[in-house]
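See structure below.
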Amino acid sequence: MTKPWRISRRTVLRGLGTAVALPLLDAMAPSLLLAADDKKTIPNRMAFVYVPNGKHMPDWTPKAVGAEFELPYILEPLAGVKNNLLVLSGLAQDHGRAHGDGPGDHARALASFLTGQQARKTHGADIKVGVSVDQVAAAKAGQHTKFSSLELGCDRGAQAGNCDSGYSCSYSTNISWRTDTTPQAKEIDPKLAFERLFSIGAAGAARTMREKFNKSVLDFVLEDARDLQAKLGAKDQRKLDEYLSSVRELEKRIDTTAHGPGQPLPNYPVPSGIPDDYAEHIRLMYDLLTLAFQGDLTRVATFVVANEGSNRAYPFIGVPDGHHDLSHHGGNEEKQKKIREINHFHTTQFAYFLDKLSKISEADGTLLDNSMIVYGSGIGDGNAHNHDNLPILLAGRGRGTIVSGRHVKTEKETPLNNLYLSLLDRMDSSVESLGDSTGRFDALA
Amino acid sequence: MRHAASIPLAILLATSAWTTLVAARAAEPTAEQKLERAEFRERIAPFFVKHCGKCHTGDEPMGELKLDGYLARADIVADRETWEKASKKLHSREMPPEEEPQPEAAERDKVLKWIDGRLARFDCGQERDPGRVTIRRLNRNEYNNTIRDLLGVDFHPADDFPSDDVGYGFDNIGDVLSMPPILLEKYLAAAERIVERALGTSQANLVTEEITGGQILDGGARILTSQLEVRTKVRLFGEGDYMFRVRAYGEQAGDELVRMALYLDDKLVRNFDVKAVASNPQVYEGWIRTKGGHHTYSIVFLNDYYEPEQPAPNDRNLIVNNLEVMGPYPPGFKQIVPREHTPENKMLLAREIVNSITARAFRRPSRAGEVDRVLALVELAQREGENFNTSIGLGLQAILLSPHFLFRVEMDPQPDNPQAVRTLNEFELATRLSYFLWSSMPDEELFAHARQGTLRNGDNLEQQIKRMLNDPKAQALVENFAGQWLQLRNLKTAAPDKRRYPDFDEALRSAMLQETEQFFAAVMREDKSVLDFLDGPYTFVNERLARHYGIPDIKGDEFRRVALDGQQRGGVLSHASVLTVTSNPTRTSPVKRGKWVLENILGTPPPPPPPEVPPLEEEAGAVASGSLRERMEQHRAKAECAICHNRMDPLGFGLENYDGIGGWRTEDEKFAIDPSGVLPGGQSFSGPRDLKAVLKARQDEFARCLAEKMLTYGLGRGVEYSDKCTVEDIAKAMRDNDYKFSSMIVAIVRSDPFQKRRGTGSRP
């Protein structure tokens, strides 16, 4: 099923003899660049896009099952990429449920979304949930790229107070978990994310003057950390573990960039920070995700469009109320209408992203063809706080391994993690089980 | 039961180890204890077996709670943590889960009364468990401030870091602060920028124009004989400290040394006696703080001497080899590099510099081998041809990335023995103190005490605390503690509906924050009673906020203190900041406000709503007419909701005279506001002023609540059951000292959890 990966940046650079401001979009047009010696194959990409507080399900779920289905109101913006879409109904994330832990559905919804495990109820003393699917993929598929994974978001972590019913805010603001106790912080500033991706500006400073010494510095601190770790108690050692594993990740990055080609700058204006306009913010993040996938800077990403339980107001679409307040609609029609509009707004932005991916050619297809983008929420209906029948989309064809353009209804209580197992297979990152998975998800093809 | 199987083995093991310990300690029960245990076995245990046994006994208990051992031991006091948890779950009706058979209300109440009665008997006489703080990474604010105080560069490099996660309401909790790769990457990049700013390593000689004056000798040096000045033009990049250097020597004659003066424009920078001779010219340097732009840099020969009649040497001359300007240097540069390096003193100077930075950066004397390892990096850079400052910079970069800098390390001889309690050394204590009050590293005075071991002598701690609270750096306590305790930080993202609140704008948002910060700062710096937070008859306003409050005759943007009559305003509960962050975008939320008061003022947070029950205000079938209050009161008829909402809602109703952005009102959507209420227990109030009086009467609860929050913040860990007596001590110290702000801080700093630590692991 593999196709030749014709886009070699090394070849590009050799050909042009420069590493400066290469317009990535054009340069990546495959017809221009055919390197016979290139044995690489086009990679598969995986992203998870999270939107909070559930959906207004009656306007989300298509009526018909199979290839002949109409897009309901909330999904309408996706009409242009309908053939690249799987609407998956009936999936459940059981560990979003209390299981004796009482309230806290929002915290659990995000914490369990990619892990399929029960978040330990704590204000902070002993945070624990599980390794998330993206990090399982990052550990393997991430070896080939500058960044093993990319974590994006639009909301800062909580700044004060309690987030959800006795759960540390870590749970309701982080989707990606590198280990069962270490969340992956997300980048929310498009400028900083851009600079980091392309090693420019402040984030790229480390590449310049003392680049040749970075390794020596990291060796130095590794020794410090190992020495220190040996002398600490069990809990402190875990913190040093995080430190050590981060140093190693950075060393790996320095190795890849030292031996690989310089990173060409895309033909894209450097963002100037977090825009006031939320839609623009979301789109910038989608753009960066696109650039990262396109330039093969990473193959694994997560994007939390808003933190779980977000009470953001959407006055620009006529919804001045807080999203979370509204989601407890209690059957009130006016409130449901407003939720519908918020949901519609988010799919509109998502459609922008998919449209972008679908317009970038890669080999015989498009970037979207070579991607698997999961979009959804860990809560079904915001009023009921249910964690079954979740709103889930899968966009892209996973390098031709997914037959899309369908609405698939799964058996009730099918673990969402079953889907993830099957996606991991397609990232050459297979695992036997993940969280509460009970088997593969066989309805993708 | 799929989640039961996932209980980690380690936890089960830990539980059984605990069991053994408890059994050993509780070997000799008193007669009273025996009686209680009999009672427990007869009346209490059967209840738990019946209602909880199904899930919480046996080999695969749910929620990591296995009751068997506790039931068998029948010792509520020894196992208080577990029983407190059980009591909470029963009170909140989270347990048994609703799908299981429920105990009769009377039965439940009887059991709870018995357990709570035992739990309340808490013996504070015994030795205190100081608890254990997990190694704390510097959070963003702490990183910024530490860099500022360590190197004298204040440019907030950590603002680019990902936000720190919050636990227990604060973002400085050791357990919660993690270290993902992206953060280390940011540290690496930040270290580079910091070093550049602190050492000016990227600076080049700014003298690029031609030098004029004197006569040119072979090799380009200029001799000043008859013409007594050389000069050049320089362009300086921005205001800052600049180093002017001149390499020169003298031809000595007469009875004076050659003297020269270094000028920038018409300003004398420094005079020099030039002792150097032709065989060995020397570098002379002068520093000046100046603005950027074009300047004239000149060297003037001050004491020309030529007496041809006298025997040689009879001609005194100054020879200038070259001129250099470097800069701008940060204010802290000379503190880091105290002297100019020469080829001879280079490595010695490097050692001195590294030694001093390491000790300050790691907040303790540097250890054997540590300095050598940094110096090895400095030497590496030297070998690679880097200049002195850049080489020092590489060492500094490593220091800034070291876990000893990024984490606040407190090393124990027995890190895994929970019984091994030790008193912190004075460096550790000074560090805890400075991060508590300044969110930054200790200053020289604290370090000096630590070095001499005098920090705990006499009333030194009290003196230091007073000094620190009056230092401008204590603004960190305002921003970071008050910002989180009162949730002022959420003001940044509050989004009041423009149509509903057309008056709201950014100037008002910023004024709201300022008011509360200045108010908190006043209580702190003037060492007032913390009860002022409830009803202090003064506040701080500028014109914008005064207009919002209807306070007349305040003009201009600057804030000033105003006295209040207490009718509408007074205390944080009437601050627009607090009232806004506890509102929904389109209206007030009495529930949120009531909850806020219970959580942050009274320290008795309501349990979260039982799962699957829609929030009171929004329940289906609501009658959509009547005032907000009327609508809400209809729902309070429901017994399961009433228990908690009877506590929350009246508090919120008492604040209904303040709208969603804290403006005063007497009507809401045509309905007259009724700000009266009755609290559980029958206490009633007629409006906000009255409500505050009710709260003030509960000053003990407030003091305890504030102490607990402050202790959490000061320790960087959650306050545990074992800290109960410490909190009581602090509250008592506050009561005995008229609730003075400093009495709370002193009591916290003096407490065992702040002064001591122990090994990891739970203990009975």
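Any read-out appearing in this document is the output of simple, stated calculations on the displayed coordinates, not a laboratory observation. All values reported here derive from a predicted model rather than from experimental measurement. With ideal geometry, Cβ positions are generated from the backbone for all residues, glycine too; neighbour counts draw on all protein chains shown.
One-quarter of the Cα convex hull surface for the stretch B:228-313, in nm²?
On the way: hull surface 24.1 nm².
For the stretch B:228-313, averaging the hull's shadow over all directions gives 6.0 nm².
Once you have a ≥ b ≥ c as the square roots of the Cα gyration tensor eigenvalues for the stretch B:473-578, tell me rounded if a/c is under 1.5, and otherwise prolate or oblate according to whether a/b is larger than b/c. Please report the intermediate quantities before stating the final value.
Values: a/c = 1.69, a/b = 1.22, b/c = 1.38.
Cα axes put the stretch B:473-578 in the oblate bin.
Report, as an integer, the average count of C-beta atoms from other chains found within 10 Å of each Cβ along B:129-136.
Values: counts 0, 0, 0, 3, 2, 9, 10, 2.
The shielding value for this peptide is 3.
When N counts the residues of the protein assembly as shown, how does its alpha-carbon radius of gyration compare numerically with 2.2 N^0.38 Å, as a ratio? Walk me through the numbers on the way to the answer.
Details: Rg = 33.7 Å, N = 1209, 2.2 N^0.38 = 32.6 Å.
In units of the 2.2 N^0.38 Å rule of thumb, it is 1.03.
Return the subset of A:Lys121/B:Lys696; B:Lys473/B:Lys592; A:Lys252/A:Lys356; B:Lys233/B:Lys275; B:Lys709/B:Lys732 for which the Cα-Cα distance in this structure is over 23 Å, preserving the input order. Exceeds cut-off: A:Lys121/B:Lys696; B:Lys473/B:Lys592; A:Lys252/A:Lys356; B:Lys233/B:Lys275.
Net charge around B:Thr493, counting only other residues with Cβ within less than 11 Å of its Cβ (Lys, Arg = +1; Asp, Glu = -1)? Before the final figure, lay out each step's value.
Values: positive: A:Arg156, A:Arg312, B:Arg489, B:Lys492, B:Arg509; negative: A:Asp155.
Result for the local shell: +4.
Loop-located trypsin sites (Lys or Arg not before Pro) across the stretch B:204-279 with a Cβ neighbour count of 16 or fewer within 10 Å are B:Lys275, with loop assigned by DSSP. Packing-based ranking of B:384-396, B:34-46 yields B:384-396, B:34-46, ordered from highest to lowest mean Cβ neighbour count within 10 Å.
Fewest to most neighbouring Cβ within 10 Å: what's the order for A:Cys169, B:Cys725? Display every interim value, and only then the final one.
Values: A:Cys169 29, B:Cys725 17.
In increasing order of surrounding Cβ atoms, one gets B:Cys725, A:Cys169.
Looking at the protein assembly as shown, what % of its DSSP beta bridges pair antiparallel, to the nearest 5? All intermediate terms of the calculation are to be shown ahead of the outcome.
Numbers: 80 of 102 bridges.
Around 80 percent of the beta bridges assigned by DSSP in the protein assembly as shown are antiparallel ones.
Please report the net charge: other residues with Cβ closer than 14 Å to the Cβ of A:Lys82, K and R +1, D and E -1. So the surrounding residues net to -2.
Per residue, the convex hull spanned by the Cα atoms of the stretch A:41-183 amounts to 155 cubic angstrom.
At 1.567 mPa s and 4 °C, plugging the Kirkwood radius over alpha-carbon pairs of the stretch B:629-674 into Stokes-Einstein gives what diffusion coefficient in µm²/s?
Value of D from the Cα-based Kirkwood radius: 113 µm²/s.
Sorted fewest first by neighbouring Cβ atoms within 10 angstrom, A:Lys146, B:Lys555 come out as B:Lys555, A:Lys146. Residues whose amide H falls under 5 Å from that of A:Leu91, counting only those 5 or more places apart or on a different chain, are A:Asn389, A:Leu390, A:Thr410, with hydrogens built in the peptide plane.
In this simple spin-label approximation, A:Glu76 and B:Arg735 carry label points 7 Å from Cα along the Cα→Cβ vector, and these lie 6.5 nm apart.
Once backbone amide H atoms are built at 1.01 Å from N, B:Lys528 has B:Phe741 as its partners under 5 Å, excluding neighbours fewer than 5 places away on the same chain. With K and R counted +1 and D and E -1, the other residues having a Cβ less than 14 Å from that of A:Ser430 yield a net charge of 0. Here's how it looks for B:Phe540: its modeled amide H is under 5 Å from those of B:Val562, which are all 5 or more places away or on a different chain.
Between rounded, prolate and oblate, where does chain A land on the alpha carbon gyration tensor, with a ≥ b ≥ c its root eigenvalues, rounded for a/c under 1.5, else prolate if a/b exceeds b/c? Don't skip to the answer; put the middle values down first.
Details: a/c = 1.60, a/b = 1.20, b/c = 1.34.
Oblate.
Shown in residue order for the stretch A:299-315 are the 3J(HN,Hα) couplings computed by the Karplus curve 6.51 cos²θ - 1.76 cosθ + 1.60 at θ = phi - 60°: 10, 9, 8, 10, 9, 9, 5, 8, 4, 5, x, 3, 10, 4, 8, 10, x Hz (x for Gly and Pro).
An ellipsoid equivalent to the stretch A:226-314, defined through the eigenvalues of its Cα gyration tensor, has semi-axes of 33, 24, 10 Å when rounded to whole angstrom and sorted largest first.
Please report, in debye to the nearest 20, how large the charge dipole of the protein assembly as shown is about its Cα centre when each Lys and Arg carries +1 at its beta carbon and each Asp and Glu carries -1 there.
On the way: 152 positive and 169 negative charges, 236 e Å.
Dipole size: approximately 1140 debye.
Using only alpha carbons, the stretch A:252-362 has a radius of gyration to Kirkwood radius ratio (Rg to Rh) of 1.09. Mind running the shape call on the stretch B:384-500? Use the C-alpha gyration tensor, a ≥ b ≥ c as the square roots of the eigenvalues: rounded below 1.5 for a/c, prolate if a/b tops b/c, oblate otherwise. In terms of gyration-tensor shape, oblate.
For the protein assembly as shown, the cysteines with no partner cysteine C-beta closer than 4.7 Å are A:Cys154, B:Cys52, B:Cys55, B:Cys641, B:Cys644, B:Cys705. For B:Ser742, B:Ser279, B:Ser583, the sequence from fewest to most other C-beta atoms within 10 Å is B:Ser279, B:Ser742, B:Ser583. Based on the Stokes-Einstein relation at 4 °C and a viscosity of 1.567 mPa s, and on the Kirkwood radius from alpha carbon pairs, chain B is assigned a translational diffusion coefficient of 41 µm²/s. When the C-alpha to C-alpha distance is required to be over 19 Å, the pairs from A:Lys412/B:Lys89; B:Lys88/B:Lys756; B:Lys466/B:Lys740; B:Lys110/B:Lys595; A:Lys55/A:Lys335 that qualify are A:Lys412/B:Lys89; B:Lys88/B:Lys756; B:Lys110/B:Lys595. Karplus-based coupling profile of the stretch A:165-182, in residue order and whole Hz: 6, x, 9, 4, 5, 3, 6, 8, 10, 10, 9, 9, 10, 6, 10, 6, 10, 10, with θ = phi - 60° in 6.51 cos²θ - 1.76 cosθ + 1.60 and x standing for Gly or Pro.
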